[in-house]
Amino acid sequence: MDHTSNPNGLVQGRVLILDDDPDVGRIFAIVAKQIGMEAEAVTSSDEFFTKLAAWCPTHIVLDLIMPDMDGVQVIQRLAELDSDAALCLTSGAGPRVLKAARQSAIEHGFCTPQILLKPVSLEQIEAFLRDPIAGPKTRPNRVANGKVQILGHDIQRGMQEKEFFLFYQPVITCPKRKLKGFEALIRWQHPVHGLVMPDSFIGVAESTGLIHDLTNQVVAMSLKWLGSSPVLHRKTLSINVSAKSLDDKEFPDRLGAAARSAGISPSDVILEVTETAAASDELLALDLFTRLRVKGFKVSIDDFGIGTSSLSLLARLPFSEIKVDRSFAMASQESEEARAIIRSTVDLSRNLNLDVVTEGVENKATLDYLDVVGCDFAQGYYIARPMTGEQAIDWATTSPYAN
Ligand code: C2E
Ligand code: CA
Ligand code: CA
């Protein structure tokens, strides 16, 4: 994308506006031209896609409600066409609809679509046009999949070279706010790409059959770490387990052996499996989780609330913990719906006699809210970011949350 600000405050770039109200298009175009951009406003989706192909805009402004094709359909088409323009959605339909449309855009790969409730002010228009983070350069999955290009044999090499390591993020109790344990989060120190995040390679490891070896490394490294310092004694360790591990029949025995040799009690180890993974093959999940529970390990349903599974899954599978997806805590300040989901998940877990963790806690108000609704545990940037094993041990000794 070639929209950049130069020293006299002008912005280079091309903005394409689709709104069936020509006045709205005109206002956007005037603001864009004032700050040095080229601008075109169109009133139908046909014109929009013709112009898109010919002109490759750097910014797109989209009215959600159009007579011929609604904004969500336009977003789908844009994603299919692999548009990497910065996106701004506008509508008079109310904040809930706009937020839903933004979510849809995010799921189609637009990282930070802006939303503007009509009537839109000139300042808001200018802010969107000038804001460089609105663009797809910040679309992490795209950067990862498009540029980093992780291949299976690279993961294999990385495993041999011991390039994978773990960060640990604390989980604290509510309302006492004392350290309960840590979640292990994998990272890859890649010789060419630098630090690579799990979302960029876990999928590749799964599809190339390397995930079992990777999980083994994670299990070995994290259990060794947990056993390495007295401050971690009786702290819990949460390990993420991929959906693909459900059909790894050896997993419970290997985990049992690894815990024994590290001197860790299985009751301090929590395996986190996503809701979607557990739902994808319930019988496999039932067998695996039961075997893990029989050995004394705990099992947590991760990313709860964003999957499509039915509530009866929770009753049928032997979970010990529910982990509320981070998106709810992150939205809880402005969204009553997100708060309602946290509240009802806490109630649900009470009734099913499960522990409940809310992750994605980014501020004090959210943590205070978890006390009010009676959530057991909290995790998030407000408490601490994921950190190296050494830093985490230090944190467990010196932070205000240390026991
Ligand atoms: P997850 O299991 O849901 O892990 C939580 C993610 O949320 C982590 O991202 C963590 O850094 C991030 N996070 C924690 N607190 C906050 C917060 O307050 N705000 C925000 N915005 N984010 C927060 P990370 O480390 O990038 O991991 C992404 C995902 O990769 C994990 O999601 C998990 O599904 C997967 N993953 C990580 N490590 C492993 C692993 O060892 N094995 C497998 N199979 N998957 C892993
Ligand atoms: Ca997790
Ligand atoms: Ca999660």
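General observations
- Among residues of the stretch 293-309 being within 15 Å of ligand 1 (Cβ to nearest atom) and aliphatic (A, V, I, L, M), the one that is nearest to residue 278 (Cα to Cα) is 301.
- Looking across the stretch 274-291 at every residue that is of a type in the set (Val, Ile, Thr) and touching a strand residue (DSSP E or B) at 6+ places or on another chain (Cβ under 8 Å), the one that is nearest to residue 239 (Cα to Cα) is identified as 274.
- Filtering the stretch 320-350 to residues that are among the acidic types (Asp, Glu) and part of a strand (DSSP E or B) leaves only 321.
- Condition check for residue 357 on (1) within 13 Å of ligand 3 (Cβ to nearest atom); (2) buried (at least 18 other Cβ atoms within 10 Å of the Cβ); (3) without any contact (Cβ under 8 Å) to a residue 60 or more places away in the chain; (4) of a type outside the set (Asp, Glu): one failure, at (3).
- For the stretch 256-278, the set of residues classified as under 27 Å from the mean Cα position of the chain (by Cα) and more than 16 Å from ligand 2 (Cβ to nearest atom) consists of 268 only.
- Within the stretch 308-319, the set of residues being surrounded by fewer than 18 Cβ atoms within 10 Å (Cβ to Cβ) and either part of a loop (DSSP other than H, G, I, E, B) or touching a helix residue (DSSP H, G or I) at 6+ places or on another chain (Cβ under 9 Å) (or both) comprises 308, 310, 311, 313, 316, 318.
One line per residue, one yes/no per condition, for (1) within 16 Å of ligand 1 (Cβ to nearest atom); (2) polar (S, T, N, Q); (3) not assigned by TED's automatic domain parsing to the domain that holds residue 99:
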{"residue": "314", "(1), (2), (3)": "no, no, yes"}
{"residue": "333", "(1), (2), (3)": "yes, yes, yes"}
{"residue": "340", "(1), (2), (3)": "no, no, yes"}
{"residue": "353", "(1), (2), (3)": "no, yes, yes"}
{"residue": "358", "(1), (2), (3)": "yes, yes, yes"}
{"residue": "367", "(1), (2), (3)": "yes, no, yes"}
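- Residues satisfying the stated conditions in the stretch 159-173, i.e. crowded, with 21+ Cβ neighbours inside 10 Å and more than 23 Å from the chain's Cα centre (by Cα): none
- The listed residues are 341, 322, 270, and the only one of them that is touching a residue at least 24 places away in the same chain (Cβ under 8 Å), more than 25 Å from residue 168 (Cα to Cα), within 16 Å of ligand 3 (Cβ to nearest atom) and buried (at least 18 other Cβ atoms within 10 Å of the Cβ) turns out to be 341.
- Set 335, 327, 349: member being more than 13 Å from ligand 3 (Cβ to nearest atom), surrounded by fewer than 22 Cβ atoms within 10 Å (Cβ to Cβ) and of a type in the set (Gly, Ala, Ser): 335
- The lone exception for residue 55 - which of (1) more than 25 Å from the chain's Cα centre (by Cα); (2) without any contact (Cβ under 8 Å) to a residue 12 or more places away in the chain it fails: (2)
- Number of positions in the stretch 175-189 that are in contact (Cβ under 8 Å) with a residue 12 or more places away in the chain and surrounded by fewer than 20 Cβ atoms within 10 Å (Cβ to Cβ): 6
- Residues satisfying the stated conditions in the stretch 273-293, i.e. surrounded by fewer than 22 Cβ atoms within 10 Å (Cβ to Cβ), away from ligand 3 (no atom under 16 Å from the Cβ) and in contact (Cβ under 8 Å) with a residue 12 or more places away in the chain: 280, 281, 282, 284, 286, 290, 291, 293
- Looking across the stretch 315-365, the residues that are over 21 Å from the mean Cα position of the chain (by Cα), among the charged types (D, E, K, R) and under 21 Å from residue 292 (Cβ atoms) come down to 316, 355.
- Residue check, residue 371 surrounded by fewer than 20 Cβ atoms within 10 Å (Cβ to Cβ), more than 18 Å from residue 306 (Cα to Cα), in contact (Cβ under 8 Å) with a residue 60 or more places away in the chain and among the charged types (D, E, K, R): yes
- Conditions (1) touching a Phe, Trp or Tyr at 6+ places or on another chain (Cβ under 8 Å); (2) without any contact (Cβ under 8 Å) to a residue 60 or more places away in the chain: number failed by residue 33: (1)
- Residue in the stretch 351-403 that is nearest to residue 227 (Cα to Cα), counting only those that are touching an Asp or Glu at 6+ places or on another chain (Cβ under 6 Å) and not in a loop (DSSP other than H, G, I, E, B): 379
- Residue that is nearest to residue 210 (Cα to Cα), among those in the stretch 222-259 that are of a type in the set (S, T, N, Q) and in a helix (DSSP H, G or I): 245
- Residue check, residue 303 part of a helix (DSSP H, G or I) and either at pLDDT below 95 or surrounded by fewer than 20 Cβ atoms within 10 Å (Cβ to Cβ) (or both): no
The values are calculated or read from the model by the stated rules, or taken from the named source; none is laboratory data. In this text, all values refer to a predicted model and were calculated from it rather than measured experimentally. Using ideal geometry, Cβ is built from the backbone for each residue, glycine included, and neighbour counts are taken over all protein chains shown.
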